[in-house]
């Protein structure tokens, strides 16, 4: 939609703010992107969803006690949370030890696929999107809380876990309406009260698991249970050593933000691999070099050099980005495309959406992972294919996705093991497979076919 508006109104256009919202500027001029990100200031500001801010600062202020987390804070408050979280979440050496935990979850996911696929067609049921959501939530809980929810082996979601997934999807549906025309700021609407109720339910259900994890930490100060299980300390436990309230809020943010985003990313990558069997086979050949048998285990060492796997993931995110661009509010006026944009207004760069535009990417509609293999001198696709600051699937700079390293590891594990175990097909039209809400989400049943590989 941003690209359509850009072609109609120009590379830089302004959408007036409504009901107290700031004006909203969108630029699809790559020359502007460096200006935006080089002027974001010490504490980059990205607009928070006002309903989330209200929920944490007003509606449930007693629970959050001024620690609003990364989803509902800016400026110095945001920085105080991020500086505690970064050493735990943003350094690859601190995330890789969670490999064992995530592999155990992934083992169950593969067996779940074998159990629920149609025995004749080998296709997944229409509910496969829910299965990927289970994988994402189970993985996030295992890393954030060192807790297993037991979602994957169940034939039906139950209780709190079912409510969390259902309510998260409801939030994505409601936030577009409430944030786009925020009439609730003048008069509290039924939709606003419904959003508060859903956010309450997510908070209360997630908090039950967080409290159980905290109790386990308190009972095991020497971390014996983690040692016996050959597990890393959870993110919650590591952060709690610095600040318990920040730890709880960050765990909540991980559970909140790590389900639909990760599952949509995985679905998009699987879709393009399924529609490009030659690329899938090339990835399979790479997987066989480190996983000679289906049941062979991934390790930190054998995952260190998987260029084609990472190229396949990058190319999948290029074709199916979760968000069309990246937003900032700048602390001072800037000049974009020859126009002065006043400080404090929302500015969105549309780079992710432009990655499917032939003006910027050669053969943009095609799935060509080789374009990311820049060290291959014989690769005619290698080299710079985008302008600076265009391809930002996880955002940019200090304000980039805090869970990026965990998500990348989860995607690498899942794609590697699915391709090693199965021939993946999608024998249905791929057009309009996704739709844009707050993020991109599946628009059709994900009826992937998973055929066992013979070796």
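Within 10 Å of each residue's Cβ, count the other Cβ atoms and sort 261, 414 from fewest upward.
Least to most surrounded, the residues fall as 261, 414.
Rounded, prolate or oblate: pick one for the stretch 199-328, where a ≥ b ≥ c are the square roots of the eigenvalues of its C-alpha gyration tensor, a/c under 1.5 means rounded, and failing that, prolate if a/b is larger than b/c, else oblate.
Values: a/c = 2.84, a/b = 1.51, b/c = 1.89.
Judged from the Cα gyration tensor, the stretch 199-328 comes out oblate (a/c at least 1.5, b/c at or above a/b).
Sequence gap at least 6, Cα distance under 8 Å: using those rules, report the relative contact order of the chain to the nearest whole percent.
It comes to 25 percent, rounded to a whole number.
For the stretch 1-104, what does the alpha-carbon gyration tensor say about shape, rounded, prolate or oblate, given a ≥ b ≥ c as the root eigenvalues, a/c under 1.5 as rounded, and a/b over b/c as prolate?
Oblate.
Here are some values of semi-axes √(5λ) of the Cα gyration tensor in Å: [x] 33, 30, 22; [y] 41, 33, 22; [z] 39, 27, 19. Which one was computed from this structure?
Answer label, from the structure shown: [x].
Ranked by Cβ crowding within 10 angstrom, fewest neighbours first, how are 401, 206, 48 ordered? Please report the intermediate quantities before stating the final value.
On the way: 401 21, 206 25, 48 17.
Arranged by neighbour count, lowest to highest, 401, 206, 48 become 48, 401, 206.
Quick one: order 450, 434 by neighbouring beta-carbon count within 10 Å, fewest to most.
Least crowded to most crowded, the residues run 434, 450.
Checking the a/c ratio against 1.5 first, then a/b against b/c, what shape does the Cα gyration tensor give for the stretch 387-455?
The shape class here is oblate.
Counting helices only, and only those DSSP H runs with n ≥ 4, report the 222 nm mean residue ellipticity of the chain as the sum of -39,500 (n - 2.57) divided by its residues, in deg cm²/dmol to the nearest 500.
Per the formula, -15000 deg cm²/dmol.
Since every read-out is calculated from the coordinates, none of them should be taken as a lab result. Predicted, not measured: the structure shown is a model, and the values here were computed from it. Here the Cβ is made from the backbone with ideal geometry for all residues, glycine too, and neighbour counts use every protein chain on show.
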